[in-house]
């Protein structure tokens, strides 16, 4: 099966048929303890902490390329590998790996719909035990080959009044309005619309994403158009990584992730903020 045949979203039944497919790497993104309790046979672990770096006050910055190269190489990922990422069912950690690989220009990455929760709900096989010790594998040749997947403060400031650029705040409603303050200041970036990250998930379907039609309507109702650049953020671009994935899945080819997110913007005294709800 080729990268194109997998698609961005992979169902559990499809993955079950390809557990031993050459050049496919199943990657659980999370922590070692969760991985050891139960994981899909043949899957490897990338700890979420290895996909972010601290640049105070920002807490979720894309790591240095050399560090990423070591992490991805240790997981057995090469430029030819198709990665199927999963986590415990929230999708946010797996989607952070998806965004990271997008930034690197890696062409083959999918998310497992529902993650480990959906896999186990169907009583599919799992195994226990610690993650294997990384073998002496070469580092992944990481470079920022697709900077258009990333947004920063300067880009956002330059496009605050640009109708071709939209911002989706994926935090909770209380964070968006400034009632829940998790930085020096509360509120949101002026002009940003609010679609909470969790709205992408169907709570009645083992943590899978909402049906395509529901997702389509939700983003259309926010006034988003596929021709626009759509920037998404949360506090550290963890939750909003899922929003980024959904945008890409729905065909928003100009999606960008703001990894500085509110931990950067909300702690910068000179950056504009709003507490008014944006309706479209």
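A few comments on the model shown:
- Convex hull volume per residue for segment 147-265, taking Cα atoms only, in Å³: 100
- Residue-span extension gain [residue 124 to residue 34] - 0.36 nm each, minus C-alpha spacing: 30.7 nm
- Relative contact order of the chain, pairs being alpha-carbon contacts under 8 Å that are 6 or more residues apart, as %: 21
- Here the chain carries DSSP beta bridges of which approximately 15% are antiparallel, counting only pairs with both residues inside.
- Acute angle (nearest 10 degrees) that the helix 65-74 long axis makes with the longest principal axis of the chain, alpha-carbon atoms: 30
- Relative contact order [Cα under 8 Å, 6+ residues apart], segment 1-155, whole percent: 31
- Prolate/oblate/rounded label for the chain (Cα gyration tensor, a/c 1.5): prolate
- The length gained by stretching the chain between residue 157 and residue 267 to full extension, at 0.36 nm per residue less their Cα-Cα distance, is 38.1 nm.
- For residue 47 and residue 78, the difference between the fully extended length at 0.36 nm per residue and the C-alpha to C-alpha distance is 9.4 nm.
- Each DSSP beta bridge with both residues in segment 3-121 is either parallel or antiparallel, and the antiparallel ones are about 10%.
- Residue order, fewest to most surrounding Cβ atoms within 10 angstrom, among 240, 274, 261, 93: 274, 93, 261, 240
The numbers here are math on the coordinates, done by the rules we state, and not lab data. Keep in mind that this is a model prediction, so the values were computed, not measured. For neighbour counting, all protein chains shown are included, and Cβ atoms are generated from backbone atoms with ideal geometry for every residue, glycine included.
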